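To keep things clear, I will list the structure first and then write my remarks on it.
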Amino acid sequence: MSFRFTRLSSHWQVQFSSVMILRLPLLLPQPLSPRYSSSSTTCLSPTSTSKPLISQNVLNSHHSPTIITAGDSGLKFRDKILYLQSLKINPTKALQKNPDLRSALLSSLQSIEHCLSSMGIERSALGRILDMFPQLLTADPSNQIYPVFEFLLNNVEIPFSDIRKCIIRCPRLLVSGVENQLKPAFEFLMKLGFVGANRITCRTTVLLVSNVDHTLTPKIDFLMGLGFEYNEVAKMVIRSPVLLTFSIENNFRPKLEYFLEEMNGDLEELKRFPQYFSFNLEGKIKKRHRMLMQHRLSMPLSRMLKVSDGEFNARLIDMRLQLVEEREL
């Protein structure tokens, strides 16, 4: 089943292979709600007058700037600030990161909200996303946002109902170009083995925002540099996809050094339990390993790390009691 977004007059449609058509909310300018109406507030003194800067006979299109008077411009800017605040977006930060907001129409900002909410994103999550990436507020939905949705639906084959989860878990998807970012990453991951039962899902679409040359390939090369074959590394990252999100210098290298030098570990065990790299070095790995060393005990990595503190302590006590019993025999 394929999906295609099409604009028809004032509606967007998502078409499902000619079988069903779902109409999405309007993306053209919508009337302002009473909350954002500028009629109740004025920035002009009672005696001030202002002349039109451009004629009134235009501008029904949201692509055309509508500036009537200097006072009206101030009111419209104020309405935009109120709108951003209603979404819990920091206006100062948004204007600093996206100066185009100053000249953008409120209706164009609202069209972004309509676009994202049409994919099931709640207003609370939407505000958090736009506060994180304020450049989206002046994006063109046709050229910048809907192509991302189409790629996720048609190429990655994410179910329509899961698109919301993808975006909430990784909002950076919305500011990643399809051709120069998402598609190359997707092709790299497919060659690595993320296909079939291991295909990319809403849980792993975060990998699509990783640069192939500067992020993904160096991590594969680092693991192969330890003596692993490509196929072995591929199995490791498919079993634990989070490996591809870790920093080499801040994660892989210090944990590997501790494993080899302090724990006298065997690389074969890392093949069996690559999740080792996902545990905190100071708070869990070193702490538990030192407790074992204190009592001259050892455990496989999975038994040492996968359990809660309570269960680990219970296992440690059992092992100590067993050791005492063996010495008494």
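What follows is calculated from the coordinates using simple rules that are stated; it is not laboratory data. What you see is a predicted model; the values in this text were computed from it and never measured. Counting neighbours? That spans all protein chains shown, and the Cβs are built from the backbone with ideal geometry, glycine included.
The charge dipole of region 193-329, taken about the Cα centre with unit charges on the Cβ atoms of Lys, Arg (+1) and Asp, Glu (-1), comes to about 420 debye, rounded to the nearest 20. The GluC sites (Glu not before Pro) of region 225-324 that DSSP puts in a loop, and whose beta carbon has at most 12 other beta carbons within 10 Å, are GLU229.
I'd like the per residue volume of the convex hull spanned by the Cα atoms of region 219-329, given in cubic angstrom. Working shown, then result.
Numbers: hull volume 11.9 nm³, N = 111.
Enclosed volume per residue, from the Cα hull, is 107 Å³.
Simple spin-label estimate for LEU321 and ARG78 gives 7.4 nm between the two label positions (7 Å along the Cα-to-Cβ direction from each Cα).
How would you classify region 151-310 from its alpha-carbon gyration tensor, with a ≥ b ≥ c the square roots of the eigenvalues: rounded for a/c under 1.5, else prolate if a/b is greater than b/c, otherwise oblate? Prolate is the answer for region 151-310, as a/c is 1.5 or above and a/b outweighs b/c. Using θ = phi - 60° in the Karplus curve 6.51 cos²θ - 1.76 cosθ + 1.60, the 3J(HN,Hα) couplings for region 165-179 round to 4, 4, 6, 5, 6, 9, x, 4, 3, 6, 10, 9, x, 5, 6 Hz; x is entered for Gly and Pro.
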